[in-house]
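To start, the structure under review is shown below, and the notes come after it.
The values are calculated or read from the model by the stated rules, or taken from the named source; none is laboratory data. The structure displayed is predicted, hence computed values, not measured ones. Here Cβ is always computed from backbone atoms with ideal geometry, including for glycine, and neighbour counts include all displayed protein chains.
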Amino acid sequence: MHALRAAPFYLTYDTLIRAKVLARNERGWSNASAPNSAGATVEVEPSAVSAPTRGNNTGPFQIEVIWSSLVTPYDGNSPILSYHLQYDNATNGNTWLDVVGLSPDSLLTDVNVSNYMVNGSWYMFRVRARNIFGWGPFSNASTIMAAREPGIPLAPVTSIDPLTGGLMIQW
């Protein structure tokens with residue numbers, strides 16, 4: 001596929017691959033056959049995955065990262081073999097570390113990341129998909145915070161509402 005998408009052909013995704021056949025014997029070459037009118041089409045690497053999001057299982061020392069699986073035509077018209085998730089704990093996009101997907105292959109679209117997560121810290125995540133033609137581009141990065149418990153609220157103040165006589169609680 002890579003050769004058909006490069007010079008001199010420059011075929012694009014989903015283009016019908018057209019071919020003609022010639023025969024040769026000791027007396028010479030035949031005329032070309034008619035080209036095919038159906039059959040194989042150009043397939044490509046997957047498109048970019050949507051940016052990952054924060055899952056409900058995110059806690060003080062764990063971040064649940066979720067993304068959507070790719071479907072045709074975004075999978076390049078070839079089944080996805082693996083998703084590759086990375087994170088950057090400096091949130092500057094310069095220090096990407098692998099979470100899942102390079103080896104072994106992973107079809108997960110929901111991962112709990114707990115290595116070195118610090119309560120209240122921000123982390124960047126990005127993901128990409130691979131099919132038989134190679135890796136697609138990384139998604140846009142998402143910034144997700146490791147959840148922390150809320151601070152202790154101030155003591156409530158109670159009073160009687162002078163107009164209604166009802167109890168008022170404020171905090």
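On the stretch given as the range 123-157, residues that are in contact with a Leu (Cβ under 8 Å, 6 or more places away or on another chain) and farther than 20 Å from residue 108 by Cβ total 0.
Taking the criterion of being modelled with pLDDT under 90 and within 19 Å of residue 141 (Cα to Cα), would at least one residue in the range 59-79 satisfy it?
yes
Inspection of the range 39-59 identifies at least one residue that is part of a loop (DSSP other than H, G, I, E, B), exposed (fewer than 14 other Cβ atoms within 10 Å of the Cβ), in the same structural domain as residue 115 (by TED's automatic domain parsing) and in contact (Cβ under 8 Å) with a residue 40 or more places away in the chain.
Consider residue 118 carefully, then state whether it is closer than 19 Å to residue 93 by Cβ, out of contact with any Leu (no Cβ under 9 Å at 6 or more places or on another chain), in the same structural domain as residue 69 (by TED's automatic domain parsing) and of a type outside the set (D, E, K, R). Yes. Residue 120 satisfies every condition listed in (1) more than 15 Å from residue 52 (Cα to Cα); (2) modelled with pLDDT of 90 or more except (2). Would you point out the residue of the range 3-38, among those that are among the hydroxyl-bearing types (Ser, Thr, Tyr), surrounded by fewer than 13 Cβ atoms within 10 Å (Cβ to Cβ) and modelled with pLDDT under 85, that is nearest to residue 138 (Cα to Cα)? This residue is 12. Screening the range 64-171 for strands (runs of 3 or more DSSP E) wholly inside it with 3 or more residues that are surrounded by fewer than 16 Cβ atoms within 10 Å (Cβ to Cβ) returns the ranges 157-160, 167-170.
Count of the range 122-170 residues, restricted to those that are in contact with a strand residue (DSSP E or B) (Cβ under 7 Å, 6 or more places away or on another chain), over 30 Å from residue 5 (Cα atoms) and not aliphatic (A, V, I, L, M), is 10.
Take the conditions under 16 Å from the mean Cα position of the chain (by Cα), at pLDDT below 90 and within 30 Å of residue 16 (Cβ to Cβ) and apply them to residue 82. Does it pass? For residue 82, the condition - under 16 Å from the mean Cα position of the chain (by Cα), at pLDDT below 90 and within 30 Å of residue 16 (Cβ to Cβ) - is not met.
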